[in-house]
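Here the structure is laid out as structure tokens; the discussion comes afterwards.
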Amino acid sequence: MSTTVSDAVWSEEGTTPDAIEAALRELLAEKHAENGGFVPARVLNMLVFVESDYSGEIANRLRGVGRYHASRTVVLSYDPRRERLNARVSVASDGEPGPEEVALLRETAIVEIGERHLDDLLTIADPLVVSDLPTLLWSPHRHPEAADALLGLAQATLIDSIEEPVWSEAIERAGELSEQVYVVDLAWLRSTPWRERVAATFDPASMRPELDSLSALEVRHHPDSTVAAMLFVGWLASRLGWKELGHARIEGRTGHDGALIGGARSRQDTDIELRLQADPELRVPGLAGVRLSSGSGLQLSLDRGPGGLHAHRRERDGAERTWTLLGASRGEGGILGEGIRQALLRDPTYRPALRAAQAMLPEAEDEPPQTAPKANEASGPPETDETRPA
């Protein structure tokens with residue numbers, strides 16, 4: 001199959017939702033008439049609400065998701081000064097199909113809206129999503145009112161909890177959304193390699209008893225990724241049946257450089273010390289390190305480093321071993337692509353981890369002040385292969 005990108009485009013100013021939907025149908029028909037091997041992809045709708053000033057950033061992130069592109073992407077590009085409804089529609093494939101080959105067509109509709117259209121978001125978006133496909137809603141840069149207005153069209157919503165200015169409110173928001181639709185949180189997905197490595201460590205039968213004798217857990221994280229650390233702790237708590245999860249409390253927190261400490265009890269009624277430490281040296285979103293200790297003397301630590309996660313293990317007899325867990329990085333584009341894929345897969349461990357994290361939220365008077373990340377920095381500085389784990 002040729003690698004030449006093939007697309008068809010339509011645009012109109014002062015248009016209507018019905019005209020946009022008709023244009024999508026006509027462009028699909030034109031492409032199929034041009035070559036019968038062109039067929040529309042029919043897996044997932046993606047509905048995006050974004051400020052027009054950052055539409056280019058979002059377009060770049062969507063272009064980097066690889067094979068996990070949604071079948072139809074509808075972007076509502078918001079500028080409060082805009083008076084008319086303008087739209088641009090494109091239908092594209094990765095190449096021309098050869099004889100007895102097929103090429104998938106993916107559709108994109110960018111609809112420019114203004115403040116006067118906010119009360120009609122459902123009316124605008126409803127005709128533009130394929131009704132018999134699941135719909136994933138994404139509203140980057142914190143537009144909860146718009147997201148709530150569009151939730152009726154979605155079966156899943158994509159969020160990135162590090163974009164919320166107050167991490168405790170981010171956890172509460174995720175909890176509220178999870179009662180209505182399936183939630184895919186990029187903050188959760190960034191901890192996937194860490195969860196996989198910890199689970200693999202305790203997978204051998206000889207290691208299982210250590211899980212019930214854990215005595216301490218420390219998680220270091222990017223200053224804006226407290227939610228990711230809380231969800232990681234919540235994952236362990238929910239999978240291991242920890243109880244009496246105490247409210248985390250602030251210890252020596254100055255700006256983003258302090259720590260959250262708390263505690264829990266295992267199924268065997270042993271105390272577990274919990275510590276979440278912000279690492280101001282970490283330049284990428286997510287976790288910087290994890291350390292687990294058990295009452296038997298076993299210690300396991302994982303730290304972000306060049307080429308992957310650096311692991312250190314001290315056995316019960318005092319023997320020590322250090323190694324590197326190698327692997328290719330997904331990067332932020334890979335994280336977003338995985339988020340789109342997760343909208344169809346459903347992760348059964350996320351909601352229990354989220355509920356456990358909610359149980360550990362600090363009391364109101366203990367909540368730390370936080371500075372909201374700038375909208376165009378919401379996804380954090382770009383990661384590099386040298387600083388990002390596998």
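The table for this structure:
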| item | result |
| --- | --- |
| Net lengthening on full extension, Glu100/Tyr54 (0.36 nm per residue, minus Cα-Cα) | 12.5 nm |
| Heavy-atom accessible surface of the chain: percent carbon and sulfur, 1.4 Å | 48 percent |
| All Cα pairs of the chain, percent lying beyond 36 Å | 31 percent |
| Summed side-chain charge close to Ser131 - residues other than Ser131 whose Cβ falls under 15 Å, Lys, Arg +1, Asp, Glu -1 | -2 |
| Gain on full stretching of the segment that runs from Glu12 to Ala199 - 0.36 nm per residue minus C-alpha separation | 62.0 nm |
| Amide H contacts under 5 Å for Asp160, placed H, 5+ residues apart | Leu186 |
| The chain, accessible area per residue, ligands and nucleic acids excluded (1.4 Å, Å²) | 45 Å² |
| Vicinal HN-Hα couplings computed from phi for the range 21-34 (Karplus, 6.51 cos²θ - 1.76 cosθ + 1.60; Hz; Gly/Pro x) | 5, 5, 5, 4, 5, 5, 5, 4, 5, 5, 5, 5, 5, 5 |
| Residue-by-residue Karplus 3J(HN,Hα) for the range 71-82, coefficients 6.51, -1.76, 1.60, Hz, glycine and proline x | 5, 10, 10, 10, 9, 9, 8, 9, 9, x, 7, 6 |
| Assigned charges on the beta-carbon of Lys, Arg, Asp, Glu; the chain dipole about Cα centre (debye) | 1320 debye |
| Rg over Rh [alpha-carbon atoms, Kirkwood Rh] for the range 1-160 | 0.97 |
| Coil-residue GluC sites (Glu not before Pro) of the range 128-196, DSSP, other Cβ within 10 Å capped at 14 | Glu179 |
| Per-residue HN-Hα couplings for the range 346-352 [Karplus 6.51, -1.76, 1.60; θ = phi - 60°; Hz; x = Gly/Pro] | 6, 9, x, 8, 5, 4, x |
| Kirkwood Rh in Å, taken over the range 98-256 so that all alpha-carbon pairs contribute | 19.2 Å |
| Helix-only CD estimate at 222 nm, as mean residue ellipticity for the chain, using -39500 (n - 2.57) per DSSP H run (n ≥ 4) | -8000 deg cm²/dmol |
| Amide H within-cut-off set for Thr73, under 5 Å, with H built and near neighbours excluded | Met46, Glu107, Thr108, Ala109 |
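The values are calculated or read from the model by the stated rules, or taken from the named source; none is laboratory data. Source: prediction; values computed, not measured. Reconstructed Cβ throughout: ideal geometry from the backbone, glycine too, with neighbour counts over all protein chains shown. These accessible areas exclude ligands, DNA and RNA; they are computed on the full protein's heavy atoms, side chains included. Shrake-Rupley method; radii C 1.70, N 1.55, O 1.52, S 1.80 Å.
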